[in-house]
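*Asks:* Quick one: this structure, given as structure tokens, is what I'll be asking you about.
Just so you know, all these numbers are worked out from the coordinates, no wet-lab data involved. None of these values were measured; they are calculated from a predicted model. Here the Cβ positions follow ideal geometry from the backbone for every residue, glycine too, while neighbour counts run over all protein chains shown.
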Amino acid sequence: MKKQEFKAESKRLLDLMINSIYTNKDIFLRELISNASDAIDKLYYESLTNSKIDVNKDDFEIRVEFDKKKRTLKISDNGIGMSEKELDNNLGTICESGSLLFKKENEKRDEIDVIGQFGVGFYSAFMVASKIEVCSKKYGSDEAFMWSSEGMDGYSISPVKKENSGTEITIYLKKSDEDFDYDKYLEEYELEGIIKKYSNYITHPIVMKKTTRELKEGTEDEYEDVEKDQVINSMTPIWKKNSGDVSEEEYDNFYTDTYYDYEKPRRTFRNSVEGKCTYTSLLFIPSHTPYDFYQKDYEKGLSLYSNGVMVMEKCPKLLPDYFSFVKGLVDSPDVSLNISREILQEDREVSLIAKSVEGKIKKELEGMLENDREEYEKFFDNFGLQLKFGVYNDYGMHKDDLKDLLLFYSSKNKKMVTLKEYVENMAEGQDKIYYASGETYDKIDLIPQVEAFKDKEFDVLYFKDYVDEFAIQMLREYDGKSFVNISKDDVETGSEEDKKALDSENDKFKNLFALMKTTLGDGVSEVRFTNRLKKHPVCLTSKGNLSIEMEKVINAMPTDEHIKAETILEINKDHPIAEKLKTLYENDKDELEKYAKVLYSEARLIEGLSIDNPTEISNLICELISK
Ligand code: ADP
């Protein structure tokens with residue numbers, strides 16, 4: 001019989017498994033058992049729509065057996081089975097989740113995390129096996145085949161005899177060495193522990209032959225070892241158990257095992273709802289941002305069950321995008337078992353449940369914000385960005401639902417505050433919500449305009465995420481107070497007299513500014529004096545709806561669209577440079593042009609913008625300071 005090669009990428013995953021330094025090898029059993037369970041589910045689903053398939057739900061089982069002499073471990077199921085072609089396709093090629101692992105293969109440290117985080121499937125058995133045989137008979141077929149492999153060399157498939165349909169996997173364990181004791185997988189007690197830990201809630205019975213000491217029949221004090229089939233897993237879904245009977249640790253384990261997370265969840269909440277729709281939900285908020293959360297291919301969704309049987313593993317409709325970080329499941333008797341994915345999207349029951357689940361999540365978050373602020377801030381650090389996207393997306397349709405869940409950094413309190421808290425603590429006479437944008441809090445702190453504001457005892461919210469300003473523009477106001485970017489040209493904080501004095505000063509020197517503006521060309525739409533900078537000589541402000549930060553964001557996007565915020569170069573009227581400019585205007589207009597260019601470049605740099613002509617500017621600076 002011909003030996004076949006593994007596909008190239010499968011080979012590399014295989015190599016990784018065979019030589020794995022991953023310490024938690026136990027998970028291979030979880031992988032094989034969940035494959036077995038899936039195979040049973042597949043057969044069961046098909047039987048619902050295909051009258052030719054005659055199965056009895058109670059006959060389904062997954063069996064785990066070991067043979068100490070042969071040093072083999074066997075996992076078998078009476079599920080759908082695989083044809084010759086399926087054996088070749090499914091086990092000769094890497095699985096989806098495996099390809100993820102393979103991408104990260106070069107980084108040893110990550111490898112470990114990744115194995116723990118994802119199901120790596122069938123190949124994980126090579127962590128413990130020197131040889132694997134998969135005997136399978138597809139339901140409805142008369143032929144059975146055996147796939148066999150000793151690892152890197154490839155695999156072969158040959159016909160075999162097998163009575164019942166289903167799959168039987170035999171693992172020939174590696175030899176134990178000082179690094180690892182593979183013989184532990186031949187111990188009843190060890191196997192039972194691993195099954196309970198990882199596969200307790202598999203909905204089909206996992207059966208093992210167990211030896212118990214029993215009283216010998218017909219005697220009163222003689223005992224004998226009796227082998228009996230025993231179901232190891234609890235099978236009752238954790239969310240169907242009495243709340244009081246489930247410990248926090250059990251929920252945590254369920255979460256980490258089901259969602260392949262290495263950290264327990266930040267929040268676990270379970271709800272039972274009856275009324276317009278009836279369901280139980282078990283939901284989790286992870287305690288860290290999944291590595292792919294902000295990537296395009298992150299799949300949101302909750303598992304959907306109908307009376308304990310899984311209908312769909314990830315039903316996206318059950319979660320709005322802004323709560324896409326929530327993991328968990330919904331179990332409802334109202335959902336039909338053999339509903340197709342397409343119909344599911346339109347299903348009224350599912351829509352009702354989704355709406356209700358959304359309300360529960362919101363309530364949970366509000367509760368956390370109110371009663372456990374520290375936890376909420378950590379949560380917000382992980383997923384706040386998503387909530388802000390939620391405010392902004394769908395043309396602001398959900399902004400009112402989400403606005404009170406937002407946190408922003410407050411310059412005055414040096415910590416995160418809600419908009420409600422900001423408004424409650426506004427200074428006397430303040431009727432606007434002030435904010436400033438920049439790359440980091442430290443950098444925002446150094447923006448010249450911010451300094452003047454802090455002096456006035458006004459709190460300023462610092463925006464460092466690019467979505468912040470977009471979200472806030474969508475909100476427009478909070479509690480009747482509008483949002484004002486303090487880098488905007490029309491922000492007023494001074495008295496009427498100050499304003500009048502400034503206006504007249506600006507009017508007086510309008511020719512000076514006109515010349516500077518001509519020198520700077522399209523770069524700025526206006527040049528003028530300001531009285532809001534304390535020590536700093538210059539700043540750049542923006543006019544209209546588009547701020548300088550938003551210009552940066554939009555221009556960084558991979559589109560052809562390039563936009564320019566309308567900017568104003570403001571010069572501190574009380575800074576010595578103001579006098580210098582006035583003098584130059586009278587005596588040396590050429591020199592004034594050079595000053596204009598240098599000051600404008602300074603203002604751009606402070607804003608974190610680049611300058612178009614760095615060589616010219618650096619030569620100019622040198623020329624000016626050499627005088
Ligand atoms: P995954 O389960 O992530 O798809 P695996 O590598 O674990 O990846 O399995 C590959 C495929 O092999 C499965 O998708 C399934 O089609 C098939 N398979 C594995 N184990 C069994 C089994 N016990 N019975 C039937 N098919 C199986």
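*Asks:* List the relative contact order of segment 347-418 as a percent without decimals, with contacts defined as Cα pairs under 8 Å and 6+ residues apart.
*Replies:* Relative contact order for segment 347-418 comes out at 19 percent.
*Asks:* Determine Rg/Rh for segment 238-372; Rg is computed over alpha-carbon atoms and Rh is the Kirkwood hydrodynamic estimate from the same atoms.
*Replies:* Expressed as Rg/Rh, it is 0.94.
*Asks:* Please go through segment 403-433 and write out the trypsin sites (Lys or Arg not before Pro) that DSSP classes as loop and that have at most 11 other C-beta atoms within 10 Å.
*Replies:* Listed in order of number, the matching sites are K414.
*Asks:* What size of dipole, in debye to the nearest 20, comes out for the chain about its Cα centre when the only charges are +1 on Lys and Arg C-beta atoms and -1 on Asp and Glu C-beta atoms?
*Replies:* 860
*Asks:* Check which residues have an amide H placed less than 5 Å from K174's amide H, if you skip close sequence neighbours.
*Replies:* Here A129, S130 satisfy the definition.
*Asks:* Find which of S601, L502, L624 sits farthest along the positive direction of the dipole of segment 496-626, computed with +1 on the beta-carbon of Lys and Arg, -1 on that of Asp and Glu, about the Cα centre.
*Replies:* Among S601, L502, L624, the one farthest towards the positive end of the dipole of segment 496-626 is L502.
*Asks:* Where does each of F470, F284, F6 land when they are ranked from fewest to most other beta-carbon atoms within 10 angstrom?
*Replies:* Lowest to highest Cβ neighbour count: F470, F6, F284.
*Asks:* Once a ≥ b ≥ c are taken as the square roots of the eigenvalues of the Cα gyration tensor of segment 468-627, is the result rounded (a/c under 1.5), prolate (a/b larger than b/c) or oblate (a/b not larger than b/c)?
*Replies:* oblate
*Asks:* Here's a follow-up. When only DSSP loop residues count, what GluC sites (Glu not before Pro) in segment 521-627 have their Cβ near at most 12 other Cβ atoms within 10 Å?
*Replies:* Hits after loop and neighbour filter: E561.
*Asks:* Which trypsin sites (Lys or Arg not before Pro) in segment 202-260 sit in a loop by DSSP (not H, G, I, E or B) and have at most 13 other Cβ atoms within 10 Å of their own Cβ?
*Replies:* K216, K241
*Asks:* How high is the relative contact order of the chain? Use alpha-carbon pairs under 8 Å, at least six apart in sequence, and give a whole percent.
*Replies:* Result for the chain is 8 percent.
*Asks:* Same structure, new question: How far is helix 496-508 tilted off the main Cα axis of the chain, in degrees rounded to 10, range 0 to 90?
*Replies:* Once rounded, one gets 70 degrees.
*Asks:* Could you list H288, H398, H204 so that the one with the fewest beta carbons within 10 Å of its beta carbon is first and the one with the most is last?
*Replies:* H288, H398, H204
*Asks:* Taking a ≥ b ≥ c as the square roots of the Cα gyration tensor eigenvalues, with a/c under 1.5 meaning rounded and otherwise prolate when a/b beats b/c, else oblate, which class fits the chain?
*Replies:* Prolate, since a/c reaches 1.5 and a/b exceeds b/c.
*Asks:* How charged is the neighbourhood of Y392? Take every other residue with its Cβ under 10 Å from the Cβ of Y392, and add Lys/Arg as +1 and Asp/Glu as -1.
*Replies:* Surrounding charge for Y392 is -1.
*Asks:* Something else now. What is the helix-to-structure angle for 373-396, meaning the angle in degrees between its Cα long axis and the longest Cα principal axis of the chain, kept from 0 to 90 and rounded to the nearest 10?
*Replies:* The helix 373-396 is inclined about 80 degrees to the chain.
*Asks:* Please list, in order along segment 608-623, the HN-Hα scalar couplings obtained from phi with the Karplus expression 6.51 cos²θ - 1.76 cosθ + 1.60 (θ = phi - 60°), rounded to whole Hz, x for Gly and Pro.
*Replies:* Once rounded to whole Hz, the list reads x, 9, 8, 10, 6, 10, x, 5, 4, 5, 5, 5, 4, 4, 4, 4.
*Asks:* Let me ask something else. Relative contact order for segment 173-328 using alpha-carbon pairs under 8 Å, separation at least 6, rounded to a whole percent?
*Replies:* 14
*Asks:* Looking at I194, T418, Y466, which one has the Cα that reaches farthest to the positive end of the dipole of the chain (charges on Cβ: Lys, Arg +1; Asp, Glu -1)?
*Replies:* Checked the options; the winner is Y466.
*Asks:* Would you pull out the residues with amide H under 5 Å of Y305's amide H, same chain only if 5 or more places away, H placed 1.01 Å from N?
*Replies:* Correct list: V311, V330, D331, S332.
*Asks:* Helix 466-475 versus the longest principal axis of the chain: what is the Cα-based angle in degrees, 0 to 90, to the nearest 10?
*Replies:* So the inclination is approximately 80 degrees.
*Asks:* Another question about this same structure. Once amide H atoms are placed 1.01 Å from N in the peptide plane, what residues at a sequence separation of 5 or more from V160, or on another chain, have their amide H within under 5 Å of its amide H?
*Replies:* A144, F145, M146
*Asks:* I'd like the Karplus ³J(HN,Hα) series for segment 54-69: coefficients 6.51, -1.76, 1.60, θ = phi - 60°, whole numbers in Hz, and an x wherever there's a Gly or Pro.
*Replies:* Here the 3J(HN,Hα) series is 10, 10, 10, 3, 6, 7, 5, 7, 10, 10, 10, 9, 9, 9, 5, 5 Hz.
*Asks:* Given labels modelled 7 Å from the Cα in the Cβ direction, how far is it in nm from E65 to F293?
*Replies:* Each label point lies 7 Å from its Cα, and together they span 4.7 nm.
*Asks:* Does segment 407-485 come out rounded, prolate or oblate by the C-alpha gyration tensor, with a ≥ b ≥ c the root eigenvalues, rounded set by a/c under 1.5 and, if not, prolate when a/b is larger than b/c and oblate if not?
*Replies:* Oblate, because a/c is 1.5 or more while a/b does not exceed b/c.
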